[in-house]
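First comes the structure, then the notes that go with it.
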Amino acid sequence: MSRVLLLQRISRGVIATTAGALFPFGFAPFGYVAVAPLAVGTLFVLWVSVNARQGMLLGFYFGLGSFGVGVSWVFVSLHNYGDMPVFLAILVVAVFVCIMALYPAICGLVQGGFCNLPLTVRLLVVMPALWVVLEWLRGQWLGGFPWLYLGYAQVDTPFSSVAPVAGVFAVSMLAAIAGSGV
């Protein structure tokens, strides 16, 4: 493998991880509402130029960043309030973050199957729809983990007016479309 290809792969991974780590800053208490859709949009743009396998890896990196930052409170709960030893709490949280990172990874894998569609259809329909479906699955499967839904970051935006009528997943869909449309 040439150095240029290796550098491209590494830089895509760093961008995906960084976008994922910035994603939780769109939620309370930070409330930088534009950050979450833009982070997801960044991931979508990265997915456009890679195959399904690479998309899965980039989705996993994004998930490591987003859940690694976004669920840091789990460590505090386990260690400070549950009196779990530090090493064990870190191990449990690391395994949990890796499991949660599988959801964006699956999304990246599946979206790669739609590479024959026009770019605008992939960015504005397929990827946002898959994102929302995987958010829903994350909230349903194995007891669910409904944290860090993209729609929850949009409480103080005009998108929130859709929530009482269509729910958080419709808000997630609108925010994902807005993030990928920029």
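The values are calculated or read from the model by the stated rules, or taken from the named source; none is laboratory data. Source: prediction; values computed, not measured. Methodologically, a virtual Cβ is constructed for each residue, glycine included, from the backbone with ideal geometry; neighbour enumeration extends over all protein chains shown. Side chains included, ligands, DNA and RNA excluded: accessible areas come from the protein's heavy atoms. Shrake-Rupley method; radii C 1.70, N 1.55, O 1.52, S 1.80 Å.
Mind listing whichever residues of region 145-169 are within 16 Å of the chain's Cα centre (by Cα) and in a helix (DSSP H, G or I)?
Once the filter is applied, which keeps residues that are within 16 Å of the chain's Cα centre (by Cα) and in a helix (DSSP H, G or I), region 145-169 yields 150, 151, 152, 153, 154, 168, 169.
Can you pull out every residue in region 61-106 that is touching a Phe, Trp or Tyr at 6+ places or on another chain (Cβ under 6 Å) and under 25 Å from residue 136 (Cα atoms)? Spell out how you get there, then give the answer.
Step one: filter region 61-106 for residues touching a Phe, Trp or Tyr at 6+ places or on another chain (Cβ under 6 Å), giving 66, 89, 93, 97, 100-101, 104-105.
66, 93, 97, 100, 101, 104, 105, listed by residue number.
With the condition being open to solvent by less than 50 Å² (accessible area, probe 1.4 Å), I'd like the helices (runs of 4 or more DSSP H) fully within region 1-106 carrying at least 3 qualifying residues.
Numbers: elements: 3-22, 35-48, 52-70, 72-76.
Ranges flagged: 3-22, 35-48, 52-70.
How about region 142-182: which of its residues are small (Gly, Ala, Ser), at pLDDT 90 or above, open to solvent by 30 Å² or more (accessible area, probe 1.4 Å) and under 22 Å from residue 74 (Cβ atoms)?
Of everything in region 142-182, nothing turns out to be small (Gly, Ala, Ser), at pLDDT 90 or above, open to solvent by 30 Å² or more (accessible area, probe 1.4 Å) and under 22 Å from residue 74 (Cβ atoms).
Determine whether region 117-126 contains at least one residue that is part of a loop (DSSP other than H, G, I, E, B) and open to solvent by 20 Å² or more (accessible area, probe 1.4 Å). Break it down into steps so the answer makes sense when it comes.
Initially, region 117-126 is screened for residues part of a loop (DSSP other than H, G, I, E, B), giving 117-118.
Adding the requirement that they be open to solvent by 20 Å² or more (accessible area, probe 1.4 Å) leaves 117-118.
Yes.
Looking only at region 114-123, decide whether some residue is touching a residue at least 40 places away in the same chain (Cβ under 8 Å) and polar (S, T, N, Q). I'd like the intermediate steps shown before the answer.
Initial filter on region 114-123 (touching a residue at least 40 places away in the same chain (Cβ under 8 Å)): 115, 119, 122-123.
Filter once more, keeping what is polar (S, T, N, Q): none.
Within region 114-123, none of the residues are touching a residue at least 40 places away in the same chain (Cβ under 8 Å) and polar (S, T, N, Q).
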